[in-house]
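Before any comments, here is the structure.
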Amino acid sequence: MTTTTTAAAAALTSSVGDGPPPSRSTTTITAGRTYHILKIEGYSSTLKAGRGQALRSSPFSAGGRTWYISYYPNGGRETNKHCISFFIHLDDDTVNDDVMAQVTFSLLDRHRNPVRSHTVTTTLYNFSVASSNALGFENFIRRDDLQRSEYLNDDCFAIAVRLVITEESPSFTVPPSNMHMDYGDLLSSKEGTDVEFVVGGETFAAHRLVLAARSPVFKAELFKPMEEGTTDVIKIDNMDAQVFKALLVFIYTDTWPEIGQDETTMVQQLLVAANKYSLSRLKIMCEDKLCSYIDTSSVVTMLMLADKYQCHGLKKSNFLPFVSKFQPREHQKTLAKTLVTIAKLPMDLNT
């Protein structure tokens with residue numbers, strides 16, 4: 001069964017003055033699965049909402065229950081003020097039975113296909129637990145990443161929420177892993193550290209076993225036989241202190257580190273560091289971030305970076321569409337041909 005609803009304007013605009021046009025919701029229900037699409041129209045107007053202030057979608061039905069989605073354009077709290085948050089809520093006042101469900105949130109491209117890099121799935125969750133009838137992601141996507149992406153079109157973007165409701169209720173719910181938080185606390189507390197790094201004039205304490213487990217380069221460096229007269233302090237040259245700090249955060253938490261100002265330069269340097277220490281996941285995350293920064297002023301630098309560090313995804317997925325937009329005049333052909341040569345991508349320059 002497929003239903004299409006339009007949210008009442010007041011439900012989305014009561015907190016932000018005149019507000020955006022109504023968000024549009026489409027729900028497709030198959031057996032115990034519900035696929036709900038929420039379109040945010042007038043995105044820039046929703047930014048008038050304060051931090052921690054949510055806009056609600058129209059209610060929809062799934063598994064004999066009523067649900068709605070809350071959208072926090074400025075994050076739910078101070079720690080994620082730079083992010084957009086989404087949550088799904090069970091909108092029933094009285095729930096006598098367990099309501100078990102797993103939820104997937106996906107950013108959609110212009111063809112309504114999920115964006116793999118911005119698709120996240122929860123564990124099986126009991127929505128009937130008192131005061132816990134909401135589930136979602138506080139750091140679904142950074143606002144600046146969305147605003148630079150192709151997924152924000154005409155001040156609109158859309159997400160899909162896939163809700164899978166189970167008929168059999170387990171005796172208990174296993175909470176999601178918080179291992180990344182525990183390791184993050186271990187890094188910040190400096191308890192049990194056994195090695196120090198001096199980078200850019202700053203000293204960082206860390207744990208040999210953690211670094212070795214995450215990076216084969218660190219493993220080889222930290223567990224090689226120590227020469228007489230050496231210490232547990234390692235100096236790293238040609239790296240910014242903030243880049244090394246971000247590198248450690250990723251190593252300990254496996255999550256994208258908070259990047260301050262001059263993000264483009266920081267991400268480029270972090271990609272170089274990820275390549276140096278064989279952190280393939282971080283390298284791919286950096287490539288994904290850098291895709292948002294490609295323009296006429298940065299394309300040559302980005303392409304040389306991608307070529308030097310074998311960033312095949314960055315080259316093939318993003319430079320071909322960018323370079324293909326060239327309609328070269330005579331004085332532009334040399335540059336365009338150079339870009340194609342470096343990228344090793346086919347292109348007809350005779351148009």
Two-site label geometry, ARG51 and LYS245: point separation in nm, points 7 Å out along Cα→Cβ
1.8 nm
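What FRET efficiency comes out for the pair THR122/ALA220, r = Cβ-Cβ distance, R0 = 30 Å, nearest 0.05?
Working: r = 38 Å, r/R0 = 1.25.
Between THR122 and ALA220 the formula returns 0.20.
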Between ASP92 and GLU258, with labels modelled 7 Å along Cα→Cβ, what's the label distance in nm to one decimal, could you check?
3.9 nm
Given Cβ point charges of +1 (Lys, Arg) and -1 (Asp, Glu) and nothing else, what value in debye, to the nearest 20, does the dipole of segment 29-112 about its Cα centre take?
480 debye
In nm, the gap between the two label points placed 7 Å beyond Cα toward Cβ at GLU196 and SER44 is 5.1 nm
Which value, in Å³ per residue, describes the convex hull spanned by the Cα atoms of segment 33-149?
118 Å³
Gain in span if fully extended, THR301 to SER189, counting 0.36 nm per residue against the direct Cα distance:
36.5 nm
Can you figure out the FRET efficiency of GLN147 with HIS111, using R₀ = 30 Å and their beta-carbon distance, to the nearest 0.05?
0.90
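First select every other residue whose beta carbon is under 10 angstrom from the beta carbon of TYR252; then total the charges, Lys and Arg +1, Asp and Glu -1. Can you show the working numbers first?
Values: positive: ARG214; negative: ASP182, ASP185, ASP254.
Neighbour charge sum, excluding TYR252 itself: -2.
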What is segment 155-292 by shape, rounded, prolate or oblate, if you read a ≥ b ≥ c off the alpha carbon gyration tensor as root eigenvalues and call it rounded for a/c under 1.5, prolate for a/b larger than b/c, and oblate otherwise?
oblate
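Just so you know, all these numbers are worked out from the coordinates, no wet-lab data involved. Since this is a predicted model, take the numbers as computed values, not measurements. Every residue, glycine among them, receives a Cβ derived from its backbone with ideal geometry; neighbour counts consider all protein chains shown.
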